[in-house]
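Asks: Handing you this structure, nothing more for now.
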Amino acid sequence: MLGPLQTAPPDIPSWVRLLSQGMNFVAALVGLLVAYQAFRGYRRNDSRPMLFIAVGFTLTVGLPFVLVVPMLLLGNSPTAASAYVILSNGSTLVGLGCILYALRMPT
């Protein structure tokens with residue numbers, strides 16, 4: 001039975017989970033590469049919008065990926081899971097706000 005806001009049944013095959021984790025890892029690496037390139041663009045051109053794009057990508061993609069490590073170390077604690085969800089979603093929202101600000105910022 002599906003719980004509230006649950007999008008996938010808990011009994012999905014292990015190869016699907018492994019594929020999903022691999023794709024998340026690659027997405028995090030690509031996102032951090034984009035953030036690094038944006039930071040290089042900021043340093044080269046002294047462009048503040050590029051700085052906000054770099055910060056936005058780091059917060060949107062990088063921080064939630066890094067937060068998985070403490071979550072795995074803390075185990076199956078409901079408090080840790082709640083903290084992870086709140087921090088991850090908050091980081092994503094702030095990161096997207098930085099990217100939106102960068103796109104709307106006057107040059």
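Asks: Which value in nm describes the separation of the simple spin-label points at residue 76 and residue 93, placed 7 Å from the Cα toward the beta carbon?
Replies: 3.0 nm
Asks: Okay, next question. Top mean-square fluctuation among 76, 89, 24, Gaussian network model of the chain, C-alpha springs under 10 Å?
Replies: Highest fluctuation of the listed residues: 76.
Asks: Order 17, 44, most accessible first, counting only protein heavy atoms with a 1.4 angstrom probe.
Replies: Ranked from most to least accessible, the order is 44, 17.
Asks: With Rg/Rh (Cα atoms, Kirkwood Rh) in mind, check [x] 1.38; [y] 0.92; [z] 1.07 and report the label derived from this structure.
Replies: [z]
Asks: Additional query: What is the range 39-83 by shape, rounded, prolate or oblate, if you read a ≥ b ≥ c off the alpha carbon gyration tensor as root eigenvalues and call it rounded for a/c under 1.5, prolate for a/b larger than b/c, and oblate otherwise?
Replies: Taking the square roots of the gyration eigenvalues as a ≥ b ≥ c, the range 39-83 is prolate.
Asks: For the chain, what relative contact order do you get, as a whole percent, if you take Cα pairs closer than 8 Å and at least 6 residues apart?
Replies: Relative contact order for the chain comes out at 28 percent.
Asks: To continue, here is another question. Can you put 39, 52 in order of accessible area, largest first, using a 1.4 Å probe?
Replies: From most exposed to least exposed: 39, 52.
The values are calculated or read from the model by the stated rules, or taken from the named source; none is laboratory data. Everything quoted here is computed from the prediction, not taken from an experiment. Cβ coordinates were reconstructed from backbone atoms using ideal geometry, including for glycine residues, and neighbour counts include every protein chain displayed. For accessibility, only protein heavy atoms count, side chains too; no ligands or nucleic acids. Shrake-Rupley method; radii C 1.70, N 1.55, O 1.52, S 1.80 Å.
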